[in-house]
1. Inside the stretch 169-187, can you point out the residues that are among the aliphatic types (A, V, I, L, M) and in contact (Cβ under 8 Å) with a residue 60 or more places away in the chain?
2. Looking only at residues that are among the polar types (S, T, N, Q) and more than 13 Å from ARG147 (Cα to Cα) in the stretch 80-96, which one is most open to solvent (accessible area, probe 1.4 Å)?
3. Give the residue, chosen from GLY74, GLY55, GLY99, that is open to solvent by less than 30 Å² (accessible area, probe 1.4 Å), out of contact with any Phe, Trp or Tyr (no Cβ under 9 Å at 6 or more places or on another chain) and at positive phi.
4. Exactly one of (1) modelled with pLDDT of 65 or more; (2) outside any helix (DSSP H, G or I); (3) not aliphatic (A, V, I, L, M) is unmet by ASN315. Its number?
5. Looking at GLU169, GLU230 in this structure, which one is open to solvent by 60 Å² or more (accessible area, probe 1.4 Å), closer than 30 Å to GLU90 by Cα and outside any loop (DSSP other than H, G, I, E, B)?
6. So is GLU305 open to solvent by 40 Å² or more (accessible area, probe 1.4 Å), farther than 26 Å from ARG216 by Cβ and modelled with pLDDT of 80 or more or not?
7. If I filter the stretch 139-149 for residues that are free of Cβ contacts under 8 Å to residues at least 40 places away in the same chain, charged (D, E, K, R) and open to solvent by 10 Å² or more (accessible area, probe 1.4 Å), do I get at least one hit?
8. Please list, ordered by first then second residue, the pairs with beta carbon atoms under 7 Å, 6 or more apart or interchain, first in the stretch 227-242 and within 13 Å of PRO193 (Cα to Cα) and modelled with pLDDT of 90 or more, second β-branched (Val, Ile, Thr) and open to solvent by less than 10 Å² (accessible area, probe 1.4 Å).
Amino acid sequence: MAVSGVATAKTVPKASVLPSEQILFGRSAAMQPIRQLVGKILGTNLPVLIQGENGTGKGLLAQFIHSRSYLASGPCIKVNCAAIPGSLLESELFGYEKGAFTDAHTSKPGQVELAHNGTLFLDEISDLDLSLQAKTLQLLQDGQYSRIGDTQERCVNTRVICATNRRLEDEIAAGRFRQDLFYRINVVTINLPPLRERREDIPGLANYFLEQLNARFDREAPPFPEEALEAFTQKELRGNIRELENVVARYAIMGALDSELPESRLKRPPNPVKLSVDGTVSLKHIAKQAVREMESNVILQVLRENKWNRRKAANVLNISYRALIYKIQEAGLAQRHHRKTTPAAVQPTQPIATPE
């Protein structure tokens with residue numbers, strides 16, 4: 001009995017929001033064999049095993065394979081095996097019949113059913129319980145399964161893509177993973193390299209994330225200077241692509257960059273130092289001036305982000321409302337805001353349309 005997917009399926013994002021092939025695979029030598037391998041398997045329904053460290057883009061690659069395959073018109077269903085307790089994962093995967101257990105008041109299809117004529121993406125497959133591994137093996141062998149509480153065998157046409165950040169050979173040796181299941185999912189294996197092995201792809205990824213974040217949050221963060229992109233390639237980035245995206249997000253939202261990068265890589269032109277009449281330099285005065293300028297910039301940014309709602313800004317800055325008003329007046333921020341919001345004396349005051 002073939003069952004089609006329904007609207008309640010939790011599908012991953014559509015292909016239109018995926019990065020382009022150029023961004024996904026980059027130009028590094030480490031990614032080109034993967035690009036060629038993926039191209040060869042797109043026209044098949046062979047099981048795929050994607051291995052790699054956390055944050056290397058295993059989920060994105062699974063979505064890309066689905067979006068370019070002949071099953072692209074069908075759903076792509078993702079199940080995170082590590083996020084669902086084993087006692088619940090079986091019903092989540094295979095569904096259940098009414099009365100199969102306490103509180104099973106109605107029948108419910110599982111994610112396997114919802115992936116019919118599409119792709120089933122089993123993320124963190126190494127966390128699958130041994131009892132469920134046997135049932136998954138049957139699904140891969142003959143495309144059949146049964147709901148909990150049902151003796152009827154059901155058929156499904158779906159491609160299975162698995163991902164893991166562990167060495168399954170080690171899991172087999174430890175008795176935590178079935179060897180026969182490993183052979184079934186290991187038809188095509190893709191080993192994604194960590195970002196440190198494809199550093200030449202980092203500038204393209206950083207620019208892509210910045211463009212996406214600017215559009216998502218209606219920001220206008222300026223492009224990265226060349227020295228910043230070069231500095232990104234020197235950063236350790238143990239969290240791989242996910243960490244890089246977080247670094248770019250902090251820059252797009254908060255304007256912070258220097259703290260993310262090695263100090264030697266970012267060089268800012270020094271501000272000119274004003275000398276006194278006798279040619280001496282007051283370090284204390286310079287330090288106070290720098291602190292005031294930094295404080296003024298932070299206050300202005302928070303005010304803009306909160307559309308000049310001073311009470312909200314005070315809460316964000318963790319200072320009193322009166323203290324914020326004093327600092328706004330001291331830095332002359334109110335006058336700057338007034339000049340921007342009132343272009344002519346005869347015009348009514350208009351609110352600033354600032355990014356949220």
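1. Initial filter on the stretch 169-187 (among the aliphatic types (A, V, I, L, M)): 172-174, 181, 185, 187.
Correct list: ILE185, VAL187.
2. Filtering the stretch 80-96 for residues that are among the polar types (S, T, N, Q) and more than 13 Å from ARG147 (Cα to Cα), the one most open to solvent (accessible area, probe 1.4 Å) comes out as SER87.
3. Working: GLY74 fails: at positive phi; GLY99 fails: open to solvent by less than 30 Å² (accessible area, probe 1.4 Å).
GLY55 is the lone residue from the list that is open to solvent by less than 30 Å² (accessible area, probe 1.4 Å), out of contact with any Phe, Trp or Tyr (no Cβ under 9 Å at 6 or more places or on another chain) and at positive phi.
4. The single condition ASN315 does not satisfy is (2).
5. Details: GLU230 fails: closer than 30 Å to GLU90 by Cα.
Step by step, each of GLU169, GLU230 is checked, and only GLU169 is open to solvent by 60 Å² or more (accessible area, probe 1.4 Å), closer than 30 Å to GLU90 by Cα and outside any loop (DSSP other than H, G, I, E, B).
6. The answer is no for GLU305.
7. Yes, the conditions are met somewhere in the stretch 139-149.
8. ASN240/THR56; ILE241/THR56
The values are calculated or read from the model by the stated rules, or taken from the named source; none is laboratory data. Please read these numbers as outputs of a predicted model, since none were measured by experiment. Counting neighbours? That spans all protein chains shown, and the Cβs are built from the backbone with ideal geometry, glycine included. Quick note on the areas: whole protein, heavy atoms, side chains included, nothing else; ligands and nucleic acids left out. Shrake-Rupley method; radii C 1.70, N 1.55, O 1.52, S 1.80 Å.
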